[in-house]
Each structure stands twice: as C-alpha cells, then as structure tokens.
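This report refers to the structure that appears directly beneath it.
Readers should treat all values here as calculations from the given coordinates under stated rules, not as data from a laboratory. Since this is a predicted model, take the numbers as computed values, not measurements. Note that each Cβ is placed from the backbone with ideal geometry, even for glycine, and that neighbours are counted across all protein chains shown.
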Amino acid sequence: MGQPQNDLKLIHVAGTNGKGSTSAIIANILYSAGKKVGLFTSPHLVRFNERIQINNVPISDNDIIQFMRKAEQYIAKNESTFFETTAVMALDYFNKNKVDIAVIETGLGGRLDSTNVIKPQLTIMTPISMDHMDILGQDINQIAKEKSGIIKKNIPLISSKQSSIVKNILVKKAMDQHAPFTFLESISNIKVSERGTEFQYKEKNFYTSLIGIHQAQNSALAIEAITQMNENISMTTIQKGLKSVSWPGRIQRIGKRLFYDVAHNEDGFEILLKTLRSMYPQKLINGLFCLKGDKESDRIIHKLIGKFSQLYVSNDVNKFLLDRNDLSKRLNNNGVENQIVKSVSDGIKKLRFGTENGDVGLIFGSHYIANEVFMEDELSFDTGVI
C-alpha cells in the first residue's frame, strides 16, 4: 500500500487499561491546539467507523469501501487478518488526508501487534496488568515483555506508574534501545464527581470531563506526552482539551446515578468499583454484568465479591458473550449472589428502578452490549445524555 506510515507523524500507545482513554485525550488536546489529528483505536462500541477518526469525525462508509476496493487483492494474497487490514486502512486514510499527527493505539500486545510497523515520535505506556493471557503469556513478566515490544531505538518512552516488576522490564528495554524514558510523577488531590475528575499534577490543577480515579492518571500521561512533544501548546489549551474530551463507555453516565463501563479485566473492575464507591460512599450499588466467554472468569469474578447490593446477569442479543446461565453458575461457584435477567434491556430497567430509590446502577463487563445500552431509551452515543 505504499508504506503510508512513513509519511506520518505518530504517537504509539500501548498498555492494558486506559489505552483508549489516553489516546483520545492526547488527540483531543492536539485538536484543541488547531492540529489535524488522526486517531486509531479499538474495539468499537457501536459502529466500525469509530476506530478511525480525524478531528473526532469517524471515517465514512464510502472511504472504507474505497480502501477495500483498492486493497482487496493484497488482502486476499496476504491472507490479512481483520486487525491487520484495519490498521493499514487507518494509516492509509490518515496519509491520504494529510493529518498533522496521528495517535495509534495497539490492539492488545506490542511486539507482534500490527501497529508496530510505525516509527513514532513518542511511545506511551499505560498501566500493564493481567489480560489476554491466552495470547500474551501466563504471567506479568511475559505480558510486560510483549507490551514493551513497541519501545524503539532513540524514541522517548513515557509511562504511567507501574509495578516494580513491570517498571524494571520497561527500563531494561528502554536502555537497550537507548530510548529516553519518563515515568509519571505523583498525582494528588484527585476528586471525582458525576461531572468529571479534578486532580493536581506537577503543582498545577487540572480538570477532565472523564470520570474516574484512573482518568487522572490517563490525563497526566497525556499532559506529559504533549509537554515532551515540544509543540508549544499552552497549559490553557491542554486544559481545554482535557475538559472537552469524550470517550463513551468509560464510567459514562447514562442516567441519574446510572453508569456504563466496558471494564473486562480484574484491574479494570477494581478501579471501576473503587471510583464508584468514592463517589457514593453511602449508596447501595446494583450491577448488570455481562462477560465474554474467553476471559479468565475466576480471577475477574473474585473482584466482585461483596461489592453489589444486587447483581443481575445477562448476555448480548447476538450471543457473542458467555451465556447468562453459565455466567450465573460461575458467579455462584465463587460466592457471588446474582439474579438472571432475560436481556440487557430488562436489566437496565431494573437498575433504573433502583436509582429512583436512591441506589447507584452500573452496567459493565463488555463492549459487546454497547449498542443495546445506547439504544435503551434512545440514549445519545456521543454523550450518553437522555
């Protein structure tokens, strides 16, 4: 396809949790600074087009069709995978539209990820934890080594705070590659509300519209990235980008005390539940839980013990996820009481009833239920406002 990545200025983002949010924040700050910005993320929530955006506008169906017509002979010849094809589509689209810079999120790993053909200006690493163990490895060492595969010679690395094991692996890889590295300084005075998250970083106060303790860390990572790029972007512009960023499905408020989050691993669950408890220390929390069948369910379910007043379980209408009866059985086997509901819609109705009585409702566990969540009561996909 003509090596479109070689003509682009790029930022590469990997990690386990927070990749998408961090990528979206960086892209929105650059957009607020007047740049033409490409953004490649995965997975999508409702439409495939969400994966490839320029200035917050998804790629059109027509552009997708044009690419596929141009590339189909090569796709067939190379037996290209879905993600390989999507990554090339994004790079080709950004090059064709002459973006000033593009933010590229890895799919799940690093070393062997399709996006690792790029040579970025910066490498960004969000927190690394246990996930995709069937592909990346059975322990944190193996997973960290796979993720560290995006670190390249002389390309600066900026990382979130990591466990000591992960940090040592990243530092060794960076030093081997002669890549300058920075780990985030402490983030303080984090205050989370339904409106967003306030925090302090390097003695400056910031606010992001994204909700969550972890969003303070993702935002600080974005601030550090923008600062090190030396694009002469002011703190006022950085704050504007933080305040206006939108990233659906991440502790997204879709009603009064009702939230949707796509967290699907144990660290994601822990952060999610900690955030909600900090926001509503005296409220009962009810949940609607759906989960993909290939997840390490026992590790994940353990994080749910004693966290919910009432937990409902279901599966998606397309049957991509674990059957609700199987999920309920696994929860019961791990000491998590639950109640089966026939659909996501039915579960949301039960959560809404609880919120009317003062409780908090949480829909969580998968991207695959996003369309059903947003279709309920005709919620806006962009903002989640009723």
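When N325 is tested against the conditions (1) more than 25 Å from G18 (Cβ to Cβ); (2) in contact with a strand residue (DSSP E or B) (Cβ under 6 Å, 6 or more places away or on another chain); (3) free of Cβ contacts under 8 Å to residues at least 60 places away in the same chain, the lone failure is (2). Taking the listed residues Y74, Y93, the one that is among the hydroxyl-bearing types (S, T, Y) and surrounded by fewer than 21 Cβ atoms within 10 Å (Cβ to Cβ) is Y74, with no other qualifying.
Where residues in the range 306-339 are in a loop (DSSP other than H, G, I, E, B) and hydroxyl-bearing (S, T, Y), which of them is surrounded by the most Cβ atoms within 10 Å (Cβ to Cβ)? Walk me through it before giving the result.
Taking the range 306-339 as the starting set, the residues that turn out to be in a loop (DSSP other than H, G, I, E, B) are 306-309, 314-323, 334-338.
Filter once more, so that each one left must be hydroxyl-bearing (S, T, Y): 309, 314.
Values: S309: 13, S314: 27.
Checked the range 306-339; the qualifying residue surrounded by the most Cβ atoms within 10 Å (Cβ to Cβ) is S314.
Looking across the range 20-53, the residues that are more than 22 Å from N230 (Cα to Cα) and of a type in the set (K, R) come down to R47, R51. Each residue in the range 1-29 was checked for being assigned to a strand (DSSP E or B) and either surrounded by fewer than 23 Cβ atoms within 10 Å (Cβ to Cβ) or among the hydrophobic types (A, V, I, L, M, F, W, C) (or both), and 4 pass.
Comparison of N318, N334 shows that the only residue that is among the polar types (S, T, N, Q), touching a Ser or Thr at 6+ places or on another chain (Cβ under 9 Å) and farther than 27 Å from K256 by Cα is N334. Just one of the numbered conditions (1) surrounded by 14 or more Cβ atoms within 10 Å (Cβ to Cβ); (2) assigned to a loop (DSSP other than H, G, I, E, B); (3) charged (D, E, K, R) is not true of K342: (1).
In the set R257, R250, only one residue is surrounded by 15 or more Cβ atoms within 10 Å (Cβ to Cβ), out of contact with any Lys or Arg (no Cβ under 9 Å at 6 or more places or on another chain), basic (K, R) and touching a residue at least 40 places away in the same chain (Cβ under 8 Å); that residue is R250.
Within the range 347-375, the set of residues being among the hydroxyl-bearing types (S, T, Y) and either at positive phi or not in a helix (DSSP H, G or I) (or both) comprises S366, Y368.
Can you pull out every residue in the range 166-201 that is basic (K, R) and either touching a residue at least 24 places away in the same chain (Cβ under 8 Å) or touching a helix residue (DSSP H, G or I) at 6+ places or on another chain (Cβ under 8 Å) (or both)?
Once the filter is applied, which keeps residues that are basic (K, R) and either touching a residue at least 24 places away in the same chain (Cβ under 8 Å) or touching a helix residue (DSSP H, G or I) at 6+ places or on another chain (Cβ under 8 Å) (or both), the range 166-201 yields only K173.
Listed residues R253, R257; which is within 18 Å of the chain's Cα centre (by Cα) and of a type in the set (D, E, K, R)?
R253 is the lone residue from the list that is within 18 Å of the chain's Cα centre (by Cα) and of a type in the set (D, E, K, R).
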